[in-house]
Amino acid sequence: MTSTMLFPNAPDISADDYCVFGLATCFIRNDGEIAEVSVVEPIPSSALEALLKGIPTSYQFVCGKSLSEFFAAETLQKPTEFPEDSQFCESFVERTLAAARTYKSHPQAKEHIPLGNKKEDFNYSTERKRVLNVENTVSTEDNVKQHSHTHKVL
């Protein structure tokens, strides 16, 4: 079996490399309104292990896939497990390359969700909403007030 190189800038990643992808429930804020969106994103091995321990997560399900199921003929495609109206996360290609490398360096993580399998029994919760387009505005009130003796030599 020969492995096909998908990315010229990442010769260590091939089409048959393994990665876990999840469908996350996220939110987008527009003019004060919050809209729910479904986002397909790669999950690194360390994050998968945290999910398996039962932490609350916005992932509805995750799938073990080979990269060839997402990247074919230089185009991005969505496997059938993911809904048509779902969208790819920001920087999907770069994040996928990084996540795939985590499974190459920790191959035992592949045993949690074998290639082609889907897992749905996570602690799914949207109590803490993942808002994608939040802008963090820093103000002078955010500065930490220090005690008057902090910089004095006593």
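The values are calculated or read from the model by the stated rules, or taken from the named source; none is laboratory data. Note that the structure is predicted; figures quoted are calculated from it, not measured. Glycine also receives a Cβ, built like all others from the backbone with ideal geometry; neighbour counts cover every protein chain displayed. Keep in mind that these areas ignore ligands, DNA and RNA; they rest on the heavy atoms of the full protein, side chains included. Shrake-Rupley method; radii C 1.70, N 1.55, O 1.52, S 1.80 Å.
Looking at the range 14-26, which of its residues are assigned to a strand (DSSP E or B) and open to solvent by 10 Å² or more (accessible area, probe 1.4 Å)? Before you say what the answer is, go through the steps one by one.
Restricting attention to the range 14-26, the residues satisfying the condition of being assigned to a strand (DSSP E or B) are 14, 18-26.
Correct list: S14, Y18.
Of all the residues in the range 10-32, those that are farther than 19 Å from G116 by Cα and among the acidic types (D, E) number 2.
Among the residues of the range 112-122, those that are open to solvent by 70 Å² or more (accessible area, probe 1.4 Å), over 25 Å from P11 (Cα atoms) and not in a strand (DSSP E or B) comprise H112, N117, E120, D121.
Check the range 97-111 and report whether any residue there is part of a loop (DSSP other than H, G, I, E, B) and open to solvent by less than 60 Å² (accessible area, probe 1.4 Å). Even if it seems obvious, please write down each step before you answer.
Taking the range 97-111 as the starting set, the residues that turn out to be part of a loop (DSSP other than H, G, I, E, B) are 106.
Filter again for open to solvent by less than 60 Å² (accessible area, probe 1.4 Å), leaving none.
No, the conditions are met nowhere in the range 97-111.
Reported count of residues in the range 75-92, each being among the hydrophobic types (A, V, I, L, M, F, W, C) and under 15 Å from P44 (Cβ atoms), is 2.
Restricting to the range 76-96, what's the tally of residues that are outside any loop (DSSP other than H, G, I, E, B), out of contact with any Asp or Glu (no Cβ under 8 Å at 6 or more places or on another chain) and under 22 Å from D12 (Cβ atoms)?
Of the residues in that region, 4 qualify.
Matching residues to (1) at pLDDT below 95; (2) out of contact with any Pro (no Cβ under 9 Å at 6 or more places or on another chain):
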{"site": "E49", "(1), (2)": "yes, yes"}
{"site": "V62", "(1), (2)": "no, yes"}
{"site": "S68", "(1), (2)": "yes, yes"}
{"site": "L76", "(1), (2)": "yes, yes"}
{"site": "E90", "(1), (2)": "yes, yes"}
{"site": "A99", "(1), (2)": "no, no"}
{"site": "Q108", "(1), (2)": "yes, yes"}
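Identify, please: which residue in the range 123-148 is open to solvent by less than 90 Å² (accessible area, probe 1.4 Å) and in a loop (DSSP other than H, G, I, E, B) and is, among those, farthest from D31 (Cα to Cα)? Out of the qualifying residues, it is S148.
Taken over the range 32-59, the criterion of being free of Cβ contacts under 8 Å to residues at least 12 places away in the same chain and either hydroxyl-bearing (S, T, Y) or part of a helix (DSSP H, G or I) (or both) is satisfied by A47, A50. Could you list all residues from the range 69-92 that are touching a residue at least 24 places away in the same chain (Cβ under 8 Å) and open to solvent by 50 Å² or more (accessible area, probe 1.4 Å)? Once the filter is applied, which keeps residues that are touching a residue at least 24 places away in the same chain (Cβ under 8 Å) and open to solvent by 50 Å² or more (accessible area, probe 1.4 Å), the range 69-92 yields K78, E81, D85, Q87, F88, E90. Of all residues being hydrophobic (A, V, I, L, M, F, W, C) and in a loop (DSSP other than H, G, I, E, B) in the range 60-75, which is farthest from the chain's Cα centre (by Cα)? Just the residue, please. Only one residue tops the list, namely A73. Look at (1) in a strand (DSSP E or B); (2) over 19 Å from V131 (Cβ atoms) and you find that R29 fails only one, number (2).
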